[in-house]
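Written below as C-alpha cells is the structure these notes are about.
The values are calculated or read from the model by the stated rules, or taken from the named source; none is laboratory data. In this text, all values refer to a predicted model and were calculated from it rather than measured experimentally. All Cβ positions, even for glycine, are placed from backbone atoms using ideal geometry, and neighbour counts span all protein chains on display.
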C-alpha cells in the first residue's frame, strides 16, 4: 500500500511536498530518492486539506488501480472520491486485460464548495490548446502551463521558450497565466512501464494527473470548470478521453474534454479564421524536437502534419511559426515514406489524404512558389502514397520487441547486459 503521512508547504506557500511511504507490492513502483511535489506560482497554503491532496491522489491513484494496492490518505474531498469510482470503471473498460483492484482509502470525507464562474484551462501553445482557447476566449479564463509534463524539468531552455511564446502571442498574452512545476513523470520507477502498462504517461497517467493538479487553482480562482483540450484517442486505450476526463469532479468543479470529435484540420480552421478576423497570425508551438532553435523545426512528423493542415486550409504555414521552404515537400515525402508507423499516424495521415482530395477538387490550398510542382505532391498524398507507406511500415511486432527489451532491461538488468555484450561480440566476428 501507499500511505500518505502528511504534506508541507514551502516557498511562501507555493510548493507542496507530499510525505508518503510505500510497502509491499507498491514499493517497487515509487522512486525512493524523489518524492512527489508540486510548485505553483501562487500561494496555495490557504486551500482546504482535501483540495491540497487532490494533486497527490490524482497522480498516484492510477498506480494503485493498475498495481492492485490501496492508497491511504487522511482525508479526501467527497465529490472527488466518488468521481474516482466512475473514472476507474472507465479505465477498466479501456483496459479489460487488467484487473483494476486498487482503492482510495480515506479516513474521512469532507465536502468543499464555493461559488464562482471562472474557468481554468490547460494551455501549451499548440493546435489543440489554441483551438480550445479560441472557442472559450470570451469566458473568464485562467491559463495554466505545466513544466514537467511534455518538457523535462532539466530542460530550462525549452521551458523558457515555451513561456516566451505564450507571452508574445497577442491572444494568449492578454489572459492571466499561471505556471506549475512538478515531477509528475519522475517520482515513479521504470517498473511502472515494465510491470503495469508500457507507455504509462500517455496510455494512462496524463489525463487524471494534469487535471488533478488544477484543484488548488480552482479553489483560489473560484473556478467551476477545467478545460483540457482533446486529442486523438489511441486505439486500445488512452489516458485522456472525453469519457474518462469528464468523470473527474471535485467541489463545484467539472472537467471538460474540449472539442472532442473535431479533426485536427477543423481545429486549424478555427485558428486560421480567428487569425483572419484579428488581422494577426497566431504562432503555434507544436514541436520540441529541436532544442537549439526557438520554435518549430519544420522537419519532423508533427511539424509536417501541422503544416499540411494549414496548407489545406489555404493558410501560409510561415505565418503560424513553421519554416516552410521549397524543399519541404520532398523532405516530407522522404520522412513519411520511411517512418516507423503506428495506428495514430495512420489516422492522422489518412485524414490529410482525404483533405488533399477535397482541396484539389476545390483548387483551394496554399502555394508557396510553384503551383504545378506543389499540386503534384498533394496529388500523390491524395492518391494514398503515404497511406500505403504507413500501412507497409506499421509493424506491431517492432513495438512488442521494444517493449520486451525494456522489460528485460528493468527486470533482469544483469541478463540484459550480458545479452548486449554477446551481441556486440558476435558483431565483431562478422
Original post:
What number of residues within the range 91-140 are in a loop (DSSP other than H, G, I, E, B) and within 20 Å of residue 269 (Cβ to Cβ)?
Top reply: 7
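So which helices (runs of 4 or more DSSP H) are wholly in the range 277-386 and hold at least 1 residues that are within 24 Å of the chain's Cα centre (by Cα)? Explain how you work it out, then say what you get.
Values: elements: 301-311, 328-338, 343-362, 371-382.
Once the helices (runs of 4 or more DSSP H) in the range 277-386 are filtered for at least 1 residues that are within 24 Å of the chain's Cα centre (by Cα), what remains is 301-311, 328-338, 343-362.
Before we move on, is residue 82 under 23 Å from residue 114 (Cα atoms) and crowded, with 16+ Cβ neighbours inside 10 Å?
On the way: under 23 Å from residue 114 (Cα atoms): yes; crowded, with 16+ Cβ neighbours inside 10 Å: no.
The answer is no for residue 82.
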Original post:
If you go through the range 239-264 one residue at a time, how many are within 21 Å of residue 57 (Cβ to Cβ) and touching a residue at least 12 places away in the same chain (Cβ under 8 Å)?
Top reply: 17
Subject >> Number of the exception - residue 379 against (1) surrounded by 14 or more Cβ atoms within 10 Å (Cβ to Cβ); (2) at pLDDT 95 or above >> reply: (1)
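Picking from 242, 179, 247, which residue would you name as being surrounded by fewer than 20 Cβ atoms within 10 Å (Cβ to Cβ), farther than 17 Å from residue 149 by Cα and in the same structural domain as residue 83 (by TED's automatic domain parsing)?
Values: 179 fails: farther than 17 Å from residue 149 by Cα; 247 fails: surrounded by fewer than 20 Cβ atoms within 10 Å (Cβ to Cβ).
Going through 242, 179, 247 in turn, the sole match is 242.
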Original post:
Restricting attention to the range 231-255, and to residues there that are modelled with pLDDT of 95 or more and in a loop (DSSP other than H, G, I, E, B), which single residue is farthest from residue 134 (Cα to Cα)?
Top reply: 251
Original post:
Which residue pairs have Cβ atoms closer than 6 Å, lie 6 or more positions apart in sequence or on different chains, and pair a first residue in the range 153-169 that is more than 25 Å from residue 186 (Cα to Cα) with a second residue that is part of a helix (DSSP H, G or I) and modelled with pLDDT of 90 or more?
Top reply: 166/172; 167/173
Subject >> Candidate set: the range 33-76, residues that are free of Cβ contacts under 8 Å to residues at least 40 places away in the same chain and within 19 Å of residue 103 (Cα to Cα); chosen: the one surrounded by the most Cβ atoms within 10 Å (Cβ to Cβ) >> reply: 65
**OP:** Being free of Cβ contacts under 8 Å to residues at least 60 places away in the same chain and over 25 Å from residue 319 (Cβ atoms) is the filter here, so list the residues in the range 170-191 that pass it.
**Re:** 176, 185
